[in-house]
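The values are calculated or read from the model by the stated rules, or taken from the named source; none is laboratory data. Small disclaimer: the values here were computed from a predicted structure and weren't measured. We place every Cβ from the backbone using ideal geometry, glycine too, and count neighbours over all the protein chains shown.
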Amino acid sequence: MHTTIIQAAACAASLLLLSAGAQAQAIPFVLLDQSVLVHIPAKDVPDFKSFVGKTLNEGAADTVAEWSSSARAGKPPVKVVLTPSARIQTQSAGQCRQLTGQVSQGRSANAWNVLFCQQANGHWKISGLK
């Protein structure tokens, strides 16, 4: 499995910024050529964003949450397994959670760890993004 922090941030950042209501705002795709996440069918992206938001907002620490996309054009579904950490309070970023992700489609797989921090407006933001 190929794991890098840069890839993790690029994958997650390209698909979502999350709010407390589990709604998300898409932001531009960046450096996604190696990510399995880009193979999520467009019709499934809103459901995926909701899944990530719900995991950040409601997921118990160290509890696995699973999601699968629909299959498309003879390709297997994209499977995502997320494990949130306990919430931590920081002075500079407020309340944060680390998400560990395992993303696969057939034999292709990616693993990543991304720190999300909740903004004053309730949106979740990947730590370090402007």
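Scanning region 49-67 for residues that are within 13 Å of the chain's Cα centre (by Cα), over 21 Å from Ser127 (Cβ atoms) and either at pLDDT below 90 or among the hydroxyl-bearing types (Ser, Thr, Tyr) (or both) turns up just one, Ser50. Are any residues in region 44-86 part of a loop (DSSP other than H, G, I, E, B), in contact with a Ser or Thr (Cβ under 7 Å, 6 or more places away or on another chain) and either among the small types (Gly, Ala, Ser) or crowded, with 19+ Cβ neighbours inside 10 Å (or both), and if so, which ones? Scanning region 44-86 gives Ala61, Val78. When every residue of region 10-22 is checked against the conditions, at least one turns out to be surrounded by fewer than 15 Cβ atoms within 10 Å (Cβ to Cβ), of a type outside the set (A, V, I, L, M), modelled with pLDDT under 90 and outside any helix (DSSP H, G or I). Scanning region 105-120 for residues that are part of a loop (DSSP other than H, G, I, E, B) and touching a strand residue (DSSP E or B) at 6+ places or on another chain (Cβ under 6 Å) turns up at least one hit. Kindly establish whether Ala73 is at pLDDT below 90, under 21 Å from His39 (Cβ atoms) and not acidic (Asp, Glu). Yes; evaluated as a whole, the condition is true for this residue.
Among the numbered conditions (1) more than 10 Å from the chain's Cα centre (by Cα); (2) outside any loop (DSSP other than H, G, I, E, B); (3) not charged (D, E, K, R), the only one that Ser92 does not meet is (2).
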